[in-house]
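Structure, as structure tokens:
Just so you know, all these numbers are worked out from the coordinates, no wet-lab data involved. Values in this document were obtained by computation on a predicted structure and should not be read as measured data. Heads up, the Cβs are rebuilt from the backbone with ideal geometry, glycines too, and the neighbour counts pull from every protein chain shown.
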Amino acid sequence: MSATTAPVAVRSRRSSYAVLRALTTAELRRSLRTPVLPAGAAAAVWYLWTITPATEAWSGSAYNEMAIASAPLLAVISWAAARSFHRERTAVAVAAPVREGIRAAARLLAALPLVASTVGFAALVAWRQRELGGLTLGAEPGRTSEALHSLPELAQHVALGVLAVALGAALGRRLPRLVLALPALLVLWFTVSGLYWLFGSRQVTPFSVVQVQPIAVPVGDATADPMSFPATWLLEGPGDFRDGWARLFVSTELAWWHCGWLMGLSAVLLAVAVPAGTARRVLLLGGAALAVAAAVVQVQVIP
């Protein structure tokens, strides 16, 4: 007769913290050894440095493109999170002393440095814009060559970093094969960034993933006198893609609430990645409530 060993219960809070710390350290080492992380960061920095007002395809294109410059970094962050959470699909003994909830918490804590990299990238974007002396935006009258991204527009890179982790975690945990996550992540990140203009209308932009300001709001036909509009407005005149005059709407309030929308989406995706229980319910209900509220406010903010 073979003897069976009873599972060891992790009872004390101190020992639980020690286990969590050890698992987090192990996951962090695995993530940092992923070669795609420095490659994605380098690609994002290279792309950022290619953006200058001198190479603009249209007025304001440099301002637009700097909002999507973090896409390569976001893609590799999602991939690193997917690899981490896919290991949870490996069969674990029923008698394993470490609960799935603790393992999921360790994987999320290990992803914090990945999110921190987006903080550094946002700071780099801000420095780059100031080093260039500002960016062009608008048409005469009211054209400026000193436009800078506001704090919430820069914070969007960080909110997207959180979303990248949540998306990777959900796909890695629930897809049967890790290789299936790679095309899904590439298509998503390079669609929402490379085709950002598809989400630039006032009706769609509150629900976009990457929000690129300014938003063009029609204010008059081609015969309108631009001098009749308020002097504080940034304007865009008739052209190949526009029949009349439009106001280029830039709003810090809109950008802040869009960050809230992204955090709500992130919470819903994390609910897919964590085990069933109270944490999943809180993430799902809280995330959905935040996403809906943020979307409603964004719709109201746009004139």
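Key figures
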item	result
Ranked list, fewest to most other Cβ atoms within 10 Å of each Cβ, for 173, 281, 87, 107	281, 87, 173, 107
Segment residue 21-residue 296, length gained on full extension (0.36 nm per residue, minus Cα span)	95.1 nm
Neighbourhood net charge (13 Å Cβ-Cβ; Lys/Arg +1, Asp/Glu -1) for residue 66	-2
Order of 89, 177 - criterion: other Cβ atoms within 10 Å of each residue's Cβ, fewest first	177, 89
Entry for mean projected area of the Cα convex hull in nm² (calculated from the structure that is shown) out of (1) 18.5; (2) 16.2; (3) 19.9	(1)
Candidates 170, 123, 111: whichever shows maximal mean-square fluctuation once the chain is modelled as a Gaussian network with Cα springs under 10 Å	123
Two-site label geometry, residue 54 and residue 179: point separation in nm, points 7 Å out along Cα→Cβ	4.6 nm
Point-to-point label distance, residue 151-residue 89, nm (Cα→Cβ direction, 7 Å offset)	4.2 nm
Fully extended contour minus Cα-Cα distance, from residue 46 to residue 227, at 0.36 nm per residue	61.1 nm
Taking 151, 265, 163 and counting other C-beta atoms within 10 Å, the order from fewest to most	151, 265, 163
Net charge of Cβ neighbours under 11 Å - reference residue 136; Lys, Arg +1; Asp, Glu -1	-1
Residue of 213, 129, 203 that the Gaussian network model of the chain assigns the largest fluctuation, springs spanning Cα pairs under 10 Å	203
